Amino acid sequence: GETDVVKPAVKDASFIDVLKMKITWHVSTMFIFWQVAYMTGTAFVAVSFVNAGFTAVQGGLAVTIYNLSQLVGQQIWGPLSDRMERKSVIAIAAIWWSVATFGYIFVYGSSLNVMYLLIALMGVGMGMVPVILASFSDYFPTEVGGSGAGVVSTMGLVGRFFGPMLAGFVADTTGTITGAFGVGAVAMLLAAITAFTLPSLKGKTEIGRA
């Protein structure tokens, strides 16, 4: 009889429990910053090539290179996350993306091939996506794992919705499309710092309800 009472109570309280956990807001903060950077790249890669005087086809190829390079990155960051903590892999990949993005800003408007190269390096960094998603379940007790991942994903919509607008505003204010990439690079650095400060999971299977 007692078991029948407890189970529904846990289920009903799980969402509230997740919101009360400090780790929810920690992981969500990382994901919000990450989404700002992710959406900036998604929204402005092709546009930046056209603004630099290249054709729409060349801009479209840049997006293709960016996406294909993410597949390469997934083969790097995924296996690496099996050998070291996911939070460290996320931080490393995020720094990689930021450095490549700052490099893109530096070479912007130069030769087409050099710009393609930097876009490819950015894509490799963004190959961290599976590691980011896998990390959500690491920080929540099993009984609220699904709720935890759902809350973090929902919080990430803040960065997903407002990131492109912020990047576009900065681009308009500075008078150059590279301003948008500057927003993305800074946001990704903040994501890296936040990831690095996540609790260590060495010797632990999950974080408690702290």
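Tabulated values for the structure
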| quantity | calculated |
| --- | --- |
| With Cα atoms, 0 to 90° folded angle of helix 2-20 axis to the chain main axis | 30 |
| Accessible surface, per residue, of the chain when the full set of protein chains is kept, probe 1.4 Å, Å² | 49 |
| Carbon/sulfur fraction of accessible area - region 8-162, other protein chains in place, 1.4 Å, % | 70 |
| Accessible area in the full protein assembly, largest first, 1.4 Å probe, for Tyr116, Tyr38 | Tyr38, Tyr116 |
| Between helix 129-138 and the chain: long-axis angle, C-alpha atoms, 0 to 90°, nearest 10 | 20 |
| Mean Cα-pair separation over length for the chain, i.e. relative contact order, pairs under 8 Å, 6 or more apart, % | 37 |
| Cα-derived Rg over Rh, computed across the chain with Rh taken as Kirkwood radius | 1.07 |
| Region 37-82 and region 97-130: distance between their alpha carbon centers, rounded to Å | 8 |
| Degrees separating the helix 145-174 axis from the principal Cα axis of the chain, which is the longest one | 30 |
| Contact order normalised by residue count of region 107-210, Cα under 8 Å, 6+ apart, percent | 28 |
| Charge-dipole axis of the chain as Lys and Arg at +1 and Asp and Glu at -1 on Cβ define it, positive-most pick from Val170, Ser200, Ser135 | Ser200 |
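The values are calculated or read from the model by the stated rules, or taken from the named source; none is laboratory data. Because the structure is a prediction, the values reported are computed rather than measured. Note: ideal-geometry Cβ built from the backbone for every residue, glycine included; neighbour counts use all protein chains shown. When the accessible area is computed, the model is the full protein with side chains, heavy atoms only, and any ligands, DNA or RNA have been set aside. Shrake-Rupley method; radii C 1.70, N 1.55, O 1.52, S 1.80 Å.
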